[in-house]
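Student: Before I ask anything, here is the structure I am working with.
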Amino acid sequence: MTTEVRVPQLPESVADATLVTWHKQVGDTVARDENLADLETDKVVLELPAPVAGVLKTLSKAAGATVTSGELLAVIDEQAAAPAAKVSKAESKKAADAKKPEPAPVAPRKEEALGKLSPAARRLVEENQLSPGQIAGSGRDGRITKSDVAQHIEGGPAQAPPAGGRVDQRVPMSRLRARIAQRLVEAQTTQALLTTFNEIDMQSLMALRARYKEPFEQRHGVRLGFMSFFVKACVEALRRYPVINASVEGGDIVYHEYYDLGVAVSTDRGLIVPVLRDADRMGFADIEKAVTGFAERARSGSITIEELTGGTFSVTNGGVFGSLLSTPIVNAPQSAILGMHKIEERPVAVGGQVVVRPMMYVALTYDHRIIDGREAVQFLVAVKEALEDPARLLLQV
């Protein structure tokens, strides 16, 4: 009896996927629900679990192929694995009697080592015919990332360029990277983007966070960061200036009466923007837990397409990488995005006196077709006032 393995039903927003790599080859034994291959879409990497146990009989598509929903990928022979499982008691006893002392530890098998690779890193390893066991992983639980592989290639003796020579390395874009590039170019060419700036005195907010971060973590099991404050401040500012939360559809302006805020997360595969649904109904702990979960699932490749779909406004934090100032690009079809930056102590004038305060530049990039400079500046001022006096977030003033 044989069972066909087909491409799972892809969401409506995803037309096709790329078969990144096979984890099993023809003749290999597979267990039910064991991952057979990785499928990469424009947004996430999907695993292809085995529907039944058996032996992989045929592969219909090679790694690197573009596939669509329902397309045949492989055939599993369920009966082929049965004879191997029928071992007599006598044979088992004979094998046990002949058991030898355990050999010295050996390097991990290729399959085990490949299991510690992210999909992007696995593809780079296979393209360059490298041994995963020789690459040191810097990711969680020793997981090997794409940057680990790239660093190994650059520093490996086999890749060293000849004396006085120069080497170019050509690596194809992942589907996610290509999609990001396409969307950013589209945003630049279809929207009238403009950026306005302001700065926030973070002293009151930092003092509040320092005062309550320990009891907050003890009660809710998650760290109190700045993102939850910025999300809450943005929601209140969006209530006052709803056009910032709107989008353009043809000749119409669509005002969204809900607040689905995208939070940019950096991964080895590229920047993705999971969405906080109904952020106005979430508490600080809910936001921090959601953002932490997004980051963990995004970097492990387990985030879902549904979590990346939609959004009415976005927030991105370049400050975690040390950015002092930038002009973020709108995540179309949204009309605006807020950019957070590095907190840096600077001399500022307060009450006629020069004092040193922890300051952050914030940037709002917006679509000037529907958002005027007045609304953009007023929105940023509202965010600034809420964060410099956090009591406003409680009182909604």
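Student: Looking at the stretch 290-299 only, could you name the residues that are at pLDDT 90 or above and surrounded by 17 or more Cβ atoms within 10 Å (Cβ to Cβ)?
Tutor: Within the stretch 290-299, A290, V291, F294 meet the criteria.
Student: Anything in the stretch 194-215 that is open to solvent by less than 30 Å² (accessible area, probe 1.4 Å) and out of contact with any Lys or Arg (no Cβ under 6 Å at 6 or more places or on another chain)? List them, or say none.
Tutor: T196, M202, L205
Student: Might you let me know whether the stretch 45-58 holds any residue that is within 24 Å of M173 (Cβ to Cβ) and among the hydroxyl-bearing types (S, T, Y)? Write out each step before concluding.
Tutor: So the first thing to find is which residues in the stretch 45-58 are within 24 Å of M173 (Cβ to Cβ), and the list is 45-48.
Pick out the ones that are also among the hydroxyl-bearing types (S, T, Y) and you get none.
Checking the stretch 45-58: not a single residue is within 24 Å of M173 (Cβ to Cβ) and among the hydroxyl-bearing types (S, T, Y).
Student: Looking at the structure I just gave you, is D97 surrounded by 12 or more Cβ atoms within 10 Å (Cβ to Cβ) and modelled with pLDDT under 85?
Tutor: Criteria not met by D97.
Student: Now, a different point. Condition (residue is at positive phi and either open to solvent by 30 Å² or more (accessible area, probe 1.4 Å) or free of Cβ contacts under 8 Å to residues at least 40 places away in the same chain (or both)) applied to the stretch 302-314: is it met by at least one residue?
Tutor: Let us first name the residues in the stretch 302-314 that are at positive phi, namely 310-311.
Narrowing the set further to residues that are either open to solvent by 30 Å² or more (accessible area, probe 1.4 Å) or free of Cβ contacts under 8 Å to residues at least 40 places away in the same chain (or both) leaves 310.
Checking the stretch 302-314: at least one residue is at positive phi and either open to solvent by 30 Å² or more (accessible area, probe 1.4 Å) or free of Cβ contacts under 8 Å to residues at least 40 places away in the same chain (or both).
Student: Another one. For a quick check of your reading of the model, give me the residue pairs whose first member lies in the stretch 172-183 and is in contact (Cβ under 8 Å) with a residue 40 or more places away in the chain, whose second is assigned to a helix (DSSP H, G or I), with beta-carbon atoms closer than 7 Å and at least 6 apart or on different chains.
Tutor: S174/A120
Student: For the stretch 260-285, which residues satisfy the criterion of being under 15 Å from A233 (Cα atoms) and open to solvent by 40 Å² or more (accessible area, probe 1.4 Å)?
Tutor: Within the stretch 260-285, D278, D280, R281, F284 meet the criteria.
Student: Can you confirm whether the stretch 237-253 contains a residue that is among the β-branched types (V, I, T) and more than 22 Å from A386 (Cβ to Cβ)? Steps first, answer last, please.
Tutor: Of all residues in the stretch 237-253, those among the β-branched types (V, I, T) come to 243-244, 248, 253.
Those still in the list that are more than 22 Å from A386 (Cβ to Cβ) too: 248, 253.
Yes - at least one qualifying residue is present in the stretch 237-253.
Student: Can you find a residue that is of a type in the set (D, E), at pLDDT 75 or above and in a loop (DSSP other than H, G, I, E, B) anywhere in the stretch 150-170?
Tutor: There is at least one residue in the stretch 150-170 that is of a type in the set (D, E), at pLDDT 75 or above and in a loop (DSSP other than H, G, I, E, B).
Student: Ok, one more. Which ones in the stretch 163-193 are closer than 23 Å to E375 by Cα and either small (G, A, S) or buried (at least 16 other Cβ atoms within 10 Å of the Cβ) (or both)?
Tutor: Within the stretch 163-193, A187, Q191, A192, L193 meet the criteria.
Student: Now for a separate question. Need at least 1 residues that are open to solvent by 40 Å² or more (accessible area, probe 1.4 Å) per element, so show me which strands (runs of 3 or more DSSP E) inside the stretch 1-76 make the cut, counting only ones lying wholly within it.
Tutor: Counting at least 1 such residues, we get 2-6, 45-49, 54-59.
Student: Among all residue pairs at least 6 apart or on different chains, which show Cβ distances below 7 Å where the first residue, located in the stretch 225-247, is in a helix (DSSP H, G or I) and open to solvent by 10 Å² or more (accessible area, probe 1.4 Å) and the second is among the polar types (S, T, N, Q) and modelled with pLDDT under 95?
Tutor: M227/N317; E236/Q396
Student: Residues being open to solvent by 50 Å² or more (accessible area, probe 1.4 Å) and either in a loop (DSSP other than H, G, I, E, B) or in contact with a strand residue (DSSP E or B) (Cβ under 7 Å, 6 or more places away or on another chain) (or both): count how many of those fall in the stretch 321-345.
Tutor: 9
Student: Can you find even one residue in the stretch 285-298 that is in contact (Cβ under 8 Å) with a residue 24 or more places away in the chain and part of a loop (DSSP other than H, G, I, E, B)?
Tutor: no
The values are calculated or read from the model by the stated rules, or taken from the named source; none is laboratory data. All values reported here derive from a predicted model rather than from experimental measurement. FYI the Cβ positions are ideal-geometry reconstructions off the backbone, even for glycines, and counts take in every protein chain you see. Heads up: the accessible areas ignore ligands, DNA and RNA and are worked out on the full protein's heavy atoms, side chains in. Shrake-Rupley method; radii C 1.70, N 1.55, O 1.52, S 1.80 Å.
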